[in-house]
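Remarks on the structure that follows.
The values are calculated or read from the model by the stated rules, or taken from the named source; none is laboratory data. It should be emphasised that the depicted structure is a prediction, and the values quoted were computed from it without experimental measurement. Neighbour counts are summed over all protein chains in view; Cβ atoms, including those assigned to glycine, are modelled from backbone coordinates with ideal geometry.
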Amino acid sequence: MTTERLFSESYLRRLESLALVFRRLAATQTQGERRSSRRGHSVEFADFRPYALGDDFRRIDWNAYARLEKLFVKLFVEEQEITINLLIDNSPSMDWGEPNKFEYAIRTAASLGYIGLVNLDRVRVQAMYSSGERAPSLKPVRGKRSALTLFNYLQSLAPAKPEGLIENSVVEPLKQDHGIVFVFSDLFGDHWQNLVNRVSSLGNAVALFHILSPDEIEPTLSGDFSLVDRENQAEVEVTADFETLRQYRKIFTAWQTQWQQFCAARDVAYIPVTTTIAIEELMFSTLPTQGVLV
Amino acid sequence: MSFLNVAGFGLALLLPLIVLMYLLKLRRDERPVSSTYLWRRMVRDVQANVPWQRLQRNILLILQLLFLGALILAIARPASQSAEILNQSLILVIDTSASMAANDVEPSRIEKAKQTAFDLVKSLSSNARVTVIAAGIRPRTLVSLNTDRRAVNQAISQIRAEPGESDMASALQIAAAITRRQQDALTVMLSDGNVEMPQFSSLPGTFRFVPIGASNKNQAVQMLSLQTNPADLSLTAFAQVANYSREAVARRLGFFADGALISTADLDIPPGSEQSALVSGVISTTQVIEARLLESETGIDFLALDDRAFAVNRQTGTIKTVLVSQGNLFLETAFSLIPSLDLLVINPGDPIDAQVELLVFDGNIPAGEIPAGANILFIAPPVSTEFFTVTGKLDLPIPVKAEPVNPLVEHVDLSGVNILDAVKITPPEWAMPLIEDRSSTPQARDPLLFVGEKEGRRIAVLAFELSRSDLPLQVAFPILISNLMTWLTPGSLNLAPAEIQPGAPINLAGFAPSEVAANSIIRIIRPDGSRVEIDPAIHESVFNETDQLGLYSISTDNEDIQQFAVNLFSPQESQIAPTRTVHLTGAESSPVEMSVITTNREWWRLIALLAVILLSIEWLVYHRATLSELLQRLLPARSRTGAHLK
């Protein structure tokens, strides 16, 4: 699959104008081009501060000393190289909806990963489900030229068997590569809170993309049905009438509110996404207002 | 509550079928969803109201079962017996025959029938029309299609039992004629069932028979006859008593001669059979013999009407008749057939008894003085007399009745009568010709027989000798002689029959006076003492108010009293055992039986409506999701428009 298929050139060019921002950026060992809130060694001036014993005297601003006869140390924005982790829920429930949730997640992940690559960040992709021992993942790539690798890898991902959530293989790498974690999931399942909890507790900046298709938000059932779960084939008998649908909406709203509160408590950015929202709108309108992109 | 179509419940077999189909259908449509995570949560939530939820799950099944149940119930046609009559037209046919006078039910059958009729009328809806037909000897329609309840009740209260048989056939014909014009008519026959049902094709509408009566205990004087002993003219009365009960009874029969008890007879009558009693040697002057069942302790008798019978002795009062003849076998034979004639045959010229009442001159004329007051019959007078003039002789006259035809010769057939010759008589002024000679000139035909009254006598003149014609060999002869004798002996012969059936008409033509007594009036005293006066000049001389049992007396101004009896000799009426069933030969030809008058108020319409409602509810429930969606779309639309309007 080619880049053109995933995104248009103009879209990619527009993406290049965007940059990731996060209130909380986790420091990594390697310096990168990511602006961080920590003051450090970079060419971008941040602030002055009075010289204190032990400071690198090379950073004393002699011009200031000449004007003010006081020693000031120049502080620079510390430029860090951070890892952008794209955690993608590839459970069968994601392969659903029109437009398809999984595809939407892939495109969103690709867009964000591309922004990361353009900004010389490391981008890592981690699928969360696997039929095997380890969940498929893409080793961190860096630089704009790796975009094709990223895109190809994302497109090669496919929904896996439902029971194989490899939680440890998802969480462990994050312990080494602190940075930004983007989680793309429909959050169907009770295990998701635990996972988000663990990921956020590692000091990463976490953004949770709650991706849902319209029929999950507003079911259009009518009559008696036996609803079959795609993941575990579990059946739920439902007589879909006005009352039932009302009940469902109530439950749904409560569920979303619960996630919102859960994320807020852990400083996780909770971004509910309906697949009907155009990806451009998401990238250029929704995410900047959410404080994810600039 | 009863069911008119119990077979309809057979459809209940469909109920398990629905359940079965439901069980088969219970497999719901499978619909894959991305995840049942939220749905499971919801179901968990809803599980709190489980019983209702279970019920709701099967609400379609319950509704369908209810619908089918209601449908089956409607098909079974449930009906509640209602005292209220829902028909729009009620035709009451009340039997007023003699047996309805029986008092085996309090106070009597006819009163009971009337009470039932009142009740029926009361239970009618106010706009229903009522017809009351009294089925007596002559059925009468008392009120017809009347909505005025007061008039109807008045008509019913007028009804009395009549002492005869009822003409139920005619009554029901009238009812049928009315029901044919009426929709939804109910014909109710109130009777003890001792009636002859008609054989007509159909009685439209509904027919109900309300049997009245409870007992069959009755004994009746079934026959009473009188015979004269030729030897001493004494009378012998013969009576027959029938027992219609199912038990043997001992009854005492009393014979009364002119009101005085002359004899009794103790009769032990087995059930359903008869016993006879005889009393002989009753003096010949007795006018009326009555046979009466006397009060009894053993035999219970609910019908009093048939316990008495009267017989009128008509053998009294012989008429002294003298036949002046040289011997006429025909005449003597004809006279001997009239028992009341006390006939004496003498030769012409012999002295005539002054007490004689009727003189017959056969081929001669009176030689001497004719006794005063005696009526005279001349047969072929040879010469003129003081009453008429003989002018010659007629050869081979052809007899025809004179116009207008006199009742005396009305039934006398002259067509085959041949006459050799006759005396030509110029009719006097008083004469009324009965038979004329057709061969003479039409303007002045010669009379062959004429009658008339002169100087208080009745005179009849026959212009030909019996031996010179074949009249005596004809059937017409005894009739003619009898008629002439009747006319010549007024008040002395049996002008009225001694006994008739109740309600039968009696012809009083014989009492109709001749022109002499044109202003006389016939008076009849009925058994209850009521008087009826008949003016023959105005009314038909037919008396038909013979609807009372007992003795009737007829009298005119100048005639003696004559009596006749009306007796109920009707086994059909005396057999008072009530019938529970009557067979009405109608289109269905099935026996119509109804012990209690009720109408079925049917409920199937209501239940069918319920079924339709249930079906509608079922449909709504089935499509509730679609409907709720529709509602949902509709409501925001409405609120939007509302906002827009603001």
Restricting the range A:220-250 to residues that are more than 8 Å from chain B (Cβ to nearest Cβ) and free of Cβ contacts under 8 Å to residues at least 40 places away in the same chain, which is surrounded by the most Cβ atoms within 10 Å (Cβ to Cβ)?
-> A:249
Candidate set: the range A:198-212, residues that are farther than 19 Å from residue A:20 by Cβ and at pLDDT below 90; chosen: the one nearest to the other protein chains (Cβ to nearest Cβ) | A:198
Could you look through the range B:506-526, keep only residues that are in a loop (DSSP other than H, G, I, E, B) and modelled with pLDDT under 80, and pick out the one that is nearest to residue B:453 (Cα to Cα)?
-> B:514
Could you tell me which residue of the range A:85-102 is nearest to residue A:175 (Cα to Cα), considering only residues that are within 11 Å of chain B (Cβ to nearest Cβ) and in a loop (DSSP other than H, G, I, E, B)?
-> A:91
Hey, any hits in the range B:118-131 for a residue that's outside the structural domain of residue B:503 (by TED's automatic domain parsing), of a type in the set (Asp, Glu), at pLDDT below 85 and farther than 17 Å from residue B:198 by Cβ?
-> yes
By residue number, the members of the range A:131-159 that are over 17 Å from residue A:179 (Cα atoms), of a type outside the set (D, E, K, R) and in contact with a helix residue (DSSP H, G or I) (Cβ under 8 Å, 6 or more places away or on another chain) are A:135, A:146, A:147, A:148, A:150, A:151, A:154, A:155, A:157, A:159
Total residues in the range B:1-44, condition closer than 30 Å to residue A:102 by Cβ and more than 7 Å from every other protein chain (Cβ to nearest Cβ) = 1
Scan the range A:111-120 and give yes if some residue there is within 22 Å of residue A:192 (Cβ to Cβ), surrounded by fewer than 23 Cβ atoms within 10 Å (Cβ to Cβ) and polar (S, T, N, Q), otherwise no.
-> no
Got at least one residue in the range A:161-182 being within 26 Å of residue A:130 (Cα to Cα), at the interface with chain B (Cβ under 9 Å from one of its Cβ atoms) and either crowded, with 21+ Cβ neighbours inside 10 Å or of a type in the set (D, E, K, R) (or both)?
-> no
Yes or no: residue B:137 in contact with a Gly (Cβ under 6 Å, 6 or more places away or on another chain) and either part of a helix (DSSP H, G or I) or under 23 Å from residue B:549 (Cα atoms) (or both)?
-> yes
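Every residue, every condition in (1) more than 48 Å from the chain's Cα centre (by Cα); (2) surrounded by 14 or more Cβ atoms within 10 Å (Cβ to Cβ), yes or no:
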position	(1), (2)
B:400	no, yes
B:412	no, yes
B:428	yes, yes
B:456	no, no
B:460	no, yes
B:473	no, no
B:478	no, yes
For the range A:251-274, which residues satisfy the criterion of being in a helix (DSSP H, G or I) and either at pLDDT below 90 or more than 8 Å from chain B (Cβ to nearest Cβ) (or both)?
-> A:253, A:254, A:256, A:257, A:258, A:259, A:260, A:261, A:262, A:263, A:264, A:265
Has the range B:65-81 got at least one residue that is away from every other protein chain (no Cβ under 14 Å), at pLDDT below 70 and not in a helix (DSSP H, G or I)?
-> yes
Do the conditions hold for residue A:215, that is, is it farther than 21 Å from residue A:21 by Cα, surrounded by 20 or more Cβ atoms within 10 Å (Cβ to Cβ) and within 12 Å of chain B (Cβ to nearest Cβ)?
-> no
Residue that is within 17 Å of the chain's Cα centre (by Cα) and either part of a strand (DSSP E or B) or within 29 Å of residue B:548 (Cβ to Cβ) (or both), where the choices are B:90, B:172 = B:172
